[in-house]
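Take a look at the structure below.
Each value in this text was obtained by applying a stated rule to the coordinates, not by laboratory testing. Note that this is a predicted model, so its numbers are computed, not measured. Please note: Cβ atoms are built from the backbone with ideal geometry, for glycine as well, and neighbour counts cover all protein chains shown.
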Amino acid sequence: MVRLSQVLGPGFYELAGDVFHHGYTHYDLAGGRGSLKSSAVSLMVPLLLIREPDAHALVMRKVGNTLRDSVFAQYIWAVDKLGMGTSWEARLAPMELVYRPTGQRIMFRGADDPMKIKSIKVPFGYIAVTHFEEKDQFAGREEIRNILQSTMRGGEAFWNFESYNPPLSRDHWANRDAAEERPDRLCHKSTYLDAPRAWLGEAFFAEAERLRVRDERAWRHEYLGQAVGTGGNVFTRLEIRDIRDGELARMDRIFQGVDWGWYPDKFAFLRVGYEPAQERIYLLDEYYVNRKSNRETAAWVREKGYFDYPITCDSAEPKSIGDWRDMGLPARGAVKGPGSVDYGFKWLQSRTIVIDPKRTPGAWREITGYEYERDRAGQFISGYPDRDDHAISALRYAMEPLFSRRAASA
C-alpha cells in the first residue's frame, strides 16, 4: 500500500493528522479549481474504514445521476492511487465500493431520493463516515442535518466531510454556514497554489494566470475559492459605460437574437458584437416593445438594416419565424435541447458584458436587476428565474451559434 503522504497534497497533511486522531466530527473543505479538496477526502475515507473495521461510509451529491462520473470515479481513482485497487470491488447496482477483506462499504447516493437514504442498511457495524460533495448544491444546513440524523447512529465515532467550491455570493447559505464557529467542526481552505505544480500541469497554471490578468475578480472566485459577490446577481461581469461609435465601426462579429412577446411579455430584439480575444460581449442596439405585430417588428429591423446577419429566434413560435422569413429577414429557430439553457447562461456568465444604458435600456434594466430567487429562509436558490428575462433570452439566442458549437464539441 502507498503511503498517504505520497499521494495527498501537502496542504492537507495537517488536516489528515487531525482526521486520523479524530480531532473533530465535522470537516468543512472549501477551495477553488485544482485545490485537491475532493481528492483529499477520497483518499482519507478508505483509510479511515481500514482503521475502523466496523465502519462504513456514505458519499452523497444532491442529484443521484451525477454520482457515477464524479465522486464514484473519484473514489475509484483514490483506492488505485493508494495501491489498493484490487482490494476494493466496484459495484453499480447499488453503486458502492466494497472492501474485499472485511465487506465494508463506501456507498454512493443522491439526496434527491431521501427515502433510499433512510432505508440504507449495512451488513454489520454502522455508517461512521459521510461525505457531502458539492455541499453548496444542497438546499441548506437543514437538509444536511436531516440526512445526518438518519446516518449518525449506532456507533461511537463519526466523521462528516463537506467539500465544495464557495459560491460567488457571500450571502449563500454555504458561505454563511462556514463562517459560523462550531466547536465540533474544523474548516479548511485550499487553492491550486497549495498543490504540487507537476500534479496539475503547466497548462492549468497558464490558464489560471490568463484569467488572473484578464479578470482578477473571476480568478479570485474560480481559482482561490473566494466569495467575491455581494448578493444574488446572476451576471456579475458587467461594464456599464458609453459604447462609442468608433467601437461599433471596428466590430465585425455581429450576432442577433429575438424573444417573441406581445403583452405583458416584451418582444425583445438584440444586436450584439463579440470580441473573442477579450471574451467581451457588446450590446449594440435593441427593440424592446409591447403589442407589436410580426409585420411591425420586421419593419423596424428592415429600416435599421439589420438583415445583414442571421437572426436566431425563440423556436417556440415557428409561425413568427415563418412570417419574418416571408418578409425577407434571415430568421432561424434556436436549437434547444437538454441542458441548453443552463449551458447558455454559464457561457454568458463567463464573459464580460458591455452595456450602454442609452443604447439598450431594456437589456440594461433586465441584466443588472436579474437575481437568483430566494427561499422562505432567505437563501438563494440555484437555477435561473423564469421572469423579466426577455432581453436576456434574446441575448442567449443571439450567442447560441458560439456556445452550442462549444457544447457539441465538449
* Structure fact -> Relative contact order as a percentage, the stretch 238-409, C-alpha pairs under 8 Å and 6+ apart, gives 30 percent
* Reported to two decimal places, what Rg/Rh ratio describes the chain when computed on Cα atoms with Rh from the Kirkwood expression? -> 1.05
* Global form of the stretch 164-218, assessed from the alpha-carbon gyration tensor, a/c cut-off 1.5 -> oblate
* Asked: Once phi is turned into ³J(HN,Hα) by the Karplus curve 6.51 cos²θ - 1.76 cosθ + 1.60 with θ = phi - 60°, what whole-Hz value does each residue of the stretch 182-194 show in order, with x for glycine and proline?
  -> 9, x, 9, 9, 10, 9, 10, 10, 9, 9, 4, 5, 7
* Structure fact -> In order over the stretch 103-117: 3J(HN,Hα) from phi, Karplus 6.51/-1.76/1.60, θ = phi - 60°, whole Hz, x for each Gly or Pro, gives x, 5, 10, 10, 9, 10, 9, x, 6, 6, 10, x, 5, 5, 5
* Compare the peptides 188-196, 161-169 by average per-residue count of other Cβ atoms within 10 angstrom and give them in order, highest first. => 161-169, 188-196
* How big is the Cα convex hull of the stretch 1-63 in projection, averaged over all directions, in nm²? -> 5.3 nm²
* **Radius of gyration and Dmax over the Cα atoms of the stretch 61-208, both given in Å** => 17.0, 49
* For the stretch 1-150, calculate the relative contact order in percent as a whole number, restricting contacts to Cα pairs under 8 Å that are 6 or more residues apart. => 28 percent
* ³J(HN,Hα) computed for each position of the stretch 263-271 - Karplus, 6.51 cos²θ - 1.76 cosθ + 1.60, integer Hz, glycine/proline x -> 6, x, 5, 7, 7, 10, 10, 10, 10
* To do: Go through 100-108, 175-183 and give me the packing order, highest mean Cβ count within 10 Å leading.
  => 100-108, 175-183
* Asked: Treating the beta-carbon of each Lys and Arg as +1 and of each Asp and Glu as -1, no other charges, what is the dipole magnitude of the chain about its Cα centre, to the nearest 20 debye?
  -> 400 debye
* Asked: Between residue 209 and residue 118, what is the label-to-label distance in nm when each label sits 7 Å out along the Cα-to-Cβ direction?
  -> 5.4 nm
* Take the alpha-carbon positions of the stretch 238-409, form their convex hull, and give its projected area averaged over all directions (one quarter of the hull surface) in nm². => 10.8 nm²
* Asked: Which percentage, to the nearest 5, of the DSSP beta bridges contained in the chain is antiparallel?
  -> 40 percent
* **Mean ellipticity per residue at 222 nm, deg cm²/dmol - from DSSP H runs of n ≥ 4 across the chain, formula -39500 (n - 2.57)** => -10500 deg cm²/dmol
* Asked: Over the chain, what is the mean sequence separation of C-alpha contacts under 8 Å (at least six apart), divided by residue count, expressed as relative contact order in percent?
  -> 16 percent
* Asked: Out of 381, 281, 240, any idea which swings most in a Gaussian network model of the chain, alpha carbons joined below 10 Å?
  -> 240
